[in-house]
Amino acid sequence: QVQLVESGGGLVQDGGSLRLSCVASGRIFRDNHMGWYRQAPGKQRELVARITSGGTTNYSDSVKGRFTISRVNAKNSVYLQMNSLKVEDTAVYYCNSVNNAGMSYWGQGTSVTVFA
């Protein structure tokens, strides 16, 4: 069982930055693939960024060049640095963890609101 706790959301002006954090409990964090997803009001949840256990990253086209995902295995943590935020980045952001058996775990989400 993996429990994920996100933090770092908030209210920010267009062009600003936020850093989201996700701390995982449970063993063998380093073997899990981690990701950040978001869900805007009235829309489906979508992938924002993902980092494999080996450190390979990929991003959605909408955030490429602005967001950076990273992980620190020693802290059981994954981060999402969000720069040049846009109004359309407003959403609830969720941390996700997938283990080697393909089991997926979700955090409770942290809200990000970008205003013009």
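The values are calculated or read from the model by the stated rules, or taken from the named source; none is laboratory data. Treat the numbers as computed from the prediction; the structure is a model and nothing was measured. Here the Cβ is made from the backbone with ideal geometry for all residues, glycine too, and neighbour counts use every protein chain on show. All accessible areas refer to the heavy atoms of the entire protein, side chains included, with ligands and DNA or RNA removed. Shrake-Rupley method; radii C 1.70, N 1.55, O 1.52, S 1.80 Å.
Which lysines does residue 75 reach when only Cα atoms under 23 Å apart count, and residues fewer than 8 places away in its own chain are ignored?
Output for residue 75: empty list, no partners.
Report the net charge of residues surrounding residue 17, where surrounding means a beta-carbon distance below 13 angstrom and charges are Lys +1, Arg +1, Asp -1, Glu -1.
On the way: positive: 19, 66, 86; negative: 14, 89.
Summing Lys and Arg as +1 and Asp and Glu as -1 gives +1.
Rounded to the nearest 10 Å², what accessible area does residue 21 have for a 1.4 Å probe in the complete protein model?
We get 30 Å² for residue 21.
All other residues with a Cβ under 15 Å from the Cβ of residue 87 taken together, and with Lys, Arg as +1 and Asp, Glu as -1, what is their net charge? Could the numbers behind the result be given before it?
On the way: positive: 38, 43, 66, 86; negative: 14, 88, 89.
With Lys, Arg at +1 and Asp, Glu at -1, the net is +1.
So how much slack lies between residue 74 and residue 7, counting 0.36 nm per residue of separation and subtracting their Cα-Cα distance, in nm?
Details: separation 67, 0.36 × 67 = 24.12 nm, distance 1.82 nm.
Full extension of this stretch gives 22.3 nm more.
Roughly how many percent of the accessible protein surface of segment 7-89 is carbon and sulfur, given a 1.4 Å probe and a whole-percent answer? Display every interim value, and only then the final one.
Numbers: 2050 of 4450 Å².
Accessible surface attributable to carbon and sulfur in segment 7-89 totals 46 percent.
Determine the dipole magnitude for the chain: charges of +1 sit on the beta-carbon of Lys and Arg, -1 on that of Asp and Glu, nothing else is charged, the reference point is the Cα centre, and the result goes in debye to the nearest 20.
240 debye
At 1.4 Å probe size, with every protein chain present, just tell me what the per residue accessible area of segment 7-53 comes to in Å². Write down the numbers at each step before the final one.
Working: 2580 Å² over 47 residues.
Computed with neighbouring chains in place, this is 55 Å² per residue.
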